[in-house]
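Here the structure comes first, spelled out in structure tokens, and everything after it is commentary.
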Amino acid sequence: MSILLTLADLFFIGSVSGWCLELVFRKFFSSANPEHKWINPGFCIGPYVPLYGFGLCILYLLASIGDLSGIADSIWGKALLFLGMAVSMTLIEYIAGIMLLKGAKLRLWDYSKLWGNIDGLICPLFSFFWAVLGACIILCCIHIFLALCRGWQTIWHFLSLSAFSSGSLL
């Protein structure tokens, strides 16, 4: 399985899954939405939050590096891996927030009322949530996501071969 195709598929899965997660969070748990209305969590047209797509790709690459290097074999290695995932996700969140603020003059989240925040874009509480989410994804969901990737790649391979062979017969 090509790593680029896998990363593209994981980006799609992460973007759509993140959109669903954010949609539910904003509807039922966000204090910024006291009326509990459905709010589109992203700036894209359609059900995509690229922040989560990039995040899932980074989590996958870190887990792959951890597996290849043997770091993930011990309890402390796994703890270090999950810490690296939390830091990576927090950096992605900060970079995305800065890009949205500077480039699009858009603030999609605001942690300014939470303890330890930096520019209202990141805070320790949500870094902890990123660590928990990363652990859940790597321990529970990544194999399902990779199976989806393999299935899609098989379908696309079959369709492209069918289209190529049909075109070559004409």
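The set of residues from segment 118-136 being open to solvent by 50 Å² or more (accessible area, probe 1.4 Å) and either in contact with a Pro (Cβ under 7 Å, 6 or more places away or on another chain) or of a type outside the set (Val, Ile, Thr) (or both) comprises ASP119, PRO124, LEU125, PHE128, PHE129, LEU133, CYS136. Take the conditions (1) within 22 Å of LYS105 (Cα to Cα); (2) not in a loop (DSSP other than H, G, I, E, B); PRO41 misses just one of them, which is (2).
Checking the condition open to solvent by less than 70 Å² (accessible area, probe 1.4 Å), of a type in the set (Gly, Ala, Ser) and closer than 16 Å to ILE138 by Cβ, which residue from ALA79, ALA96 passes?
Going through ALA79, ALA96 in turn, the sole match is ALA79.
Would you check if there is a residue in segment 23-45 being open to solvent by 70 Å² or more (accessible area, probe 1.4 Å), under 17 Å from ILE138 (Cβ atoms) and touching a residue at least 40 places away in the same chain (Cβ under 8 Å)? Within segment 23-45, none of the residues are open to solvent by 70 Å² or more (accessible area, probe 1.4 Å), under 17 Å from ILE138 (Cβ atoms) and touching a residue at least 40 places away in the same chain (Cβ under 8 Å). If you check LEU159, LEU170, which single one turns out to be at pLDDT below 85 and under 21 Å from SER2 (Cβ atoms)? The conditions single out LEU159.
As a summary of the residue check, LEU51 satisfies the conditions (1) modelled with pLDDT of 90 or more; (2) surrounded by fewer than 16 Cβ atoms within 10 Å (Cβ to Cβ) except for the one numbered (2).
Scanning segment 109-145 for residues that are under 16 Å from LEU91 (Cα atoms) and assigned to a loop (DSSP other than H, G, I, E, B) turns up TRP109, ASP110, TYR111, GLY116, ASN117, ASP119, GLY120, LEU121, CYS123.
The values are calculated or read from the model by the stated rules, or taken from the named source; none is laboratory data. All figures in this text were calculated on a predicted structure; none of them were measured in a lab. Here Cβ is always computed from backbone atoms with ideal geometry, including for glycine, and neighbour counts include all displayed protein chains. These accessible areas exclude ligands, DNA and RNA; they are computed on the full protein's heavy atoms, side chains included. Shrake-Rupley method; radii C 1.70, N 1.55, O 1.52, S 1.80 Å.
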